[in-house]
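S.K.: Below is the structure I would like to discuss, written out as structure tokens.
The values are calculated or read from the model by the stated rules, or taken from the named source; none is laboratory data. What you are looking at is a predicted structure, and each value in this text was computed from that prediction instead of being measured. Remember, those area values only see protein heavy atoms, side chains included, never the ligands or the DNA or RNA. Shrake-Rupley method; radii C 1.70, N 1.55, O 1.52, S 1.80 Å.
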Amino acid sequence: LKSEQTFSAEEIGRQLGISANMVGRIANVNNLKTPQFGMFRTSIVNGTERQHFEYYSTVISEIEKHLDKRKDK
């Protein structure tokens, strides 16, 4: 188990100036939701269990690469 600090999509998005939704979409399309870049966590929201992905800081440079590709189009 890694004890590395994790960040929500919202926190990553804030650092990159994009929405949490955009972080998730880029991560999904580019298969970044892997143990290398973070972990799935379970939380209970309004009595319902939900899984969400928490990111390691290493994902930031990967997302930036994909943002740069989008700007080039």
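S.K.: Counting only heavy atoms of the protein chains, get the accessible area per residue of the stretch 1-62 (1.4 Å probe) and round it to a whole Å² value. Intermediate values should be presented prior to the final figure.
M.R.: Numbers: 4100 Å² over 62 residues.
Normalised by residue count, the accessible surface of the stretch 1-62 is 66 Å².
S.K.: Relative contact order for the chain: what percent, with Cα pairs under 8 Å and sequence separation of 6 or more? Each step should come with its number before you reach the end.
M.R.: Working: 76 pairs, mean separation 23.7, N = 73.
Relative contact order, the chain: 32 percent.
S.K.: What is the set of long-range amide H partners of Phe7 at a cut-off below 5 Å, with H atoms built 1.01 Å from backbone N?
M.R.: Residues meeting the criterion, in which the H sits 1.01 Å from N, are Tyr55, Tyr56.
S.K.: Here are a few candidate values for P(r) over Cα pairs in 10 Å bins from 0, in percent: (i) 21, 45, 27, 7, 0; (ii) 16, 53, 27, 4; (iii) 19, 52, 24, 5, 0. Which one was actually calculated from the structure I just gave you?
M.R.: Looking at P(r) over Cα pairs in 10 Å bins from 0, in percent for this model, the match is (iii).
S.K.: Step through the residues of the stretch 31-45 one at a time and calculate ³J(HN,Hα) from phi using the Karplus curve (6.51 cos²θ - 1.76 cosθ + 1.60, θ = phi - 60°), rounding each to whole Hz and writing x for Gly and Pro.
M.R.: 3J(HN,Hα) across the stretch 31-45, in whole Hz: 6, 9, 8, 10, x, 5, 10, x, 8, 7, 10, 10, 9, 10, 10.
S.K.: In whole percent, and with a 1.4 Å probe on the protein chains, what portion of the accessible area of the chain is carbon and sulfur? Show your work: numbers first, answer last.
M.R.: Numbers: 2420 of 5150 Å².
After summing per-atom areas, the C and S share lands at 47 percent.
S.K.: Right, next: Grab the DSSP H runs of the chain that are 4 residues or longer, score each as -39,500 (n - 2.57), total them, divide by all residues and round the 222 nm result to the nearest 500 deg cm²/dmol.
M.R.: Working: 3 runs with 32 residues, N = 73.
Using -39500 (n - 2.57) per qualifying helix, the result is -13000 deg cm²/dmol.
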